[in-house]
Amino acid sequence: MDNRNRIVEAYTHHLREHGMPPHTVHAFCKSLGLSERDFFQEFASLDSVESAVWGEWIFGLAAKVSSGAEWKDFSARNRYLTFLFAFTESSLDWRSLMILRFSHLAPVASPPFLKAFEEHFKTFATGVIDHGLSTGEIASRGPLQALYPAVLYIHFRAVIAFLLKDESQRFERTDAFIEKTVAFAFDVIRTQAIDSAFDLARFLAPSAWGKMS
Amino acid sequence: MAALAGAGARVGMNYLKHYGRQAISGRADADDLQERNASEVFRTFSELKGGPLKLAQMLSIDQSLLPPAYAKQFARAQYSAPPLSYPLVVRTFRREFGKDPREVFDTFEPEAAHAASIGQVHRATRDGRTFAVKIQYPGVAESLRSDLGVVKPIALQILGLRERDVAAYFREVEARLLEETDYEKELASATRLSSACAHLLQIRFPKYHPEFSNHRVITMDWMDGVPFDVFADGPAPQDLRDRIGQALWDFYAHQIHQLHIFHADPHPGNFLVHGDQLCVLDFGCTKSINSDFHAKQFAFLDPALETDPARLAAAMESMAILLPTDTPSQREHLVALCRTSLELLARPFRNGEFDFGDPGFMSAIYELGEENRKNDTLRGMRGQRGSADTIYLNRTFFGLYSLLTRLRARVKTPLPPGLVFE
């Protein structure tokens, strides 16, 4: 195993065991039998290790679902659902860490340790949306559609918030939550509802619109 | 929840419009109002799926409780639930089997073949066999209780009932509905009832496959056939109608009188007709009764009760339909009412055979239900009456009579063996 993977794995292990990150790079390296030079060749800080921990989870999930046999035939909606269900399935291994990190986090907060997590998710979401745009499943809306990955990210964080509060057997209610919210979201982006809402908002608040543009 | 509140508001609006029109014109069309309210309530129930959809179905079959306009709307419920997405089906499989559906089966169709009340059915094959795989909506069991809590006051309001008088009724319905989410129990009931009815030659059951079943998935053999309502409304000859009708009657007679446990969900969606055989598809709702209740209940079939009010009153006391606290005039009223119902509901048993081709029979039952519903003396009476066990038994007979009427079948209707009246 290379140093990078060793560091990521040992950091995750430490976080699980102690419920907090290692205090210093020095102590962390000592327990791993690595020099600080080895560490800093891979990571700039302990925070960036944690960012890699969460980011690699999402990156791995996205790679796994998009290599599935049926992926090619899936609509954008089914691709996004497949990702989310793979996420909830995988989250069983991560639940205690997620409770540690996410349960006190507002769904819109974007702390440094989630930087890679957010980036990898948005890269994946952009791919899903591009697929939807190319098949006509998602209507093209010019500059507005640049917001779609951000909207999906907020939805994703809402799913996590729901999952962490879910007390149902095998977290079945989270599955239902995902199914229903994604159906709703894709119904909205498929229809003219967004355009009409936007048009109405523009009509009602011309001054606000002026400031935005 | 928001959807339900919306329905409440729309029903309220319809009432306002109704009374507004009444105030202007001095009269309004009550049927018209019911029709519009029914479609609002129905729309909401079908949007919600799961528990409320089930309740809608339950109400739709117990049409004696419902004005015809509601019944018509509710009866559509079983055909119009939106499907689960394929990724959710895969997710359910991975959760329950640890594998994708296409690892469990050789082929698995991503689109549902048809909807079931709290799930949907997919067609799959393996080793040359075709299966029907029924998958439950996730979270239904969890949300059912809370949904029922929300639906209950609306239902009570619509039906004009008092909660404490029908508490036992709701408890029984709730218990049966919760049971319907238990696929392991359904598999056990299906296996037991289908082997206990195996000697009935014109009834067929799919073979169930416990190795591909668990508490959210039930796998059975795929059954070919014509949906019951398509058959009944089609051009089938009279002798075939009679034979299918007889098979249906014998199936229920055997379960109720011999086994004392029965399939309590006789609606057209649960049956297929294949040649001259009837296939039974769904054992989600079964009801068991004890022999004491069975004896008391079917003692009402004694023809002498129709002419002897004292014996009828005694039978009614045995079932707690008459309470010791009733005044003499209340007793008289209830006994008279019971005699009218009995004359109608026991009619198929009277001559050893019955022609359900007469549409007047079913509409008389509807009318009786409607009269009882509007009967102020009856609604003014306090207290819980009767046994909660009668709910599903009545529902079963009501469903059976409806199916036979739809078939326009003539069937032989011997009294249950062991019941001899002098």
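The values are calculated or read from the model by the stated rules, or taken from the named source; none is laboratory data. Quick caveat, the model's predicted, so the values are computed rather than measured. Don't worry about glycine lacking a Cβ; one is built from the backbone with ideal geometry, like all the others, and counts go over all protein chains shown.
Residues in segment A:109-154 that are touching a residue at least 60 places away in the same chain (Cβ under 8 Å), farther than 15 Å from A:PHE186 by Cα and of a type in the set (Asp, Glu): A:GLU119 alone. All of (1) within 30 Å of B:PHE97 (Cα to Cα); (2) more than 16 Å from the chain's Cα centre (by Cα) hold for B:SER291 with one exception: (1). Screening A:ALA44 on (1) over 18 Å from A:ASP93 (Cα atoms); (2) assigned to a helix (DSSP H, G or I); (3) not acidic (Asp, Glu) shows it passes everything except condition (2).
Taking the stated definitions as given, is A:LYS72 assigned to a helix (DSSP H, G or I), at pLDDT below 95 and within 14 Å of chain B (Cβ to nearest Cβ)? In short, yes. Scanning segment B:109-119 finds one or more residues that are surrounded by 15 or more Cβ atoms within 10 Å (Cβ to Cβ), of a type in the set (A, V, I, L, M, F, W, C), touching a residue at least 40 places away in the same chain (Cβ under 8 Å) and assigned to a loop (DSSP other than H, G, I, E, B).
A quick yes/no check of all residues on (1) more than 24 Å from the chain's Cα centre (by Cα); (2) surrounded by 17 or more Cβ atoms within 10 Å (Cβ to Cβ):
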position: B:PRO324; (1), (2): yes, no
position: B:THR340; (1), (2): no, no
position: B:GLU343; (1), (2): no, no
position: B:ASN351; (1), (2): yes, no
position: B:ASP376; (1), (2): yes, no
position: B:LEU400; (1), (2): no, yes
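Confirm whether B:LEU178 is touching a residue at least 24 places away in the same chain (Cβ under 8 Å) and within 16 Å of B:LYS287 (Cβ to Cβ). So B:LEU178 fits the description; yes.
The criterion of at least 3 residues that are surrounded by 13 or more Cβ atoms within 10 Å (Cβ to Cβ) and within 14 Å of another protein chain (Cβ to nearest Cβ) is met by the following helices (runs of 4 or more DSSP H) wholly inside segment A:79-188: A:148-165.
Every listed requirement among (1) away from chain B (no Cβ under 14 Å); (2) modelled with pLDDT under 95 is met by A:TRP54 save one, (2).
Residues satisfying the criterion are absent from segment B:342-356 (criterion: free of Cβ contacts under 8 Å to residues at least 40 places away in the same chain, outside any helix (DSSP H, G or I) and of a type in the set (D, E, K, R)).
In the set (1) of a type outside the set (Phe, Trp, Tyr); (2) in a helix (DSSP H, G or I); (3) modelled with pLDDT of 85 or more, the condition left unmet by B:VAL411 is number (2).
The one condition from (1) at pLDDT below 95; (2) within 14 Å of another protein chain (Cβ to nearest Cβ) that A:HIS23 does not meet is (2).
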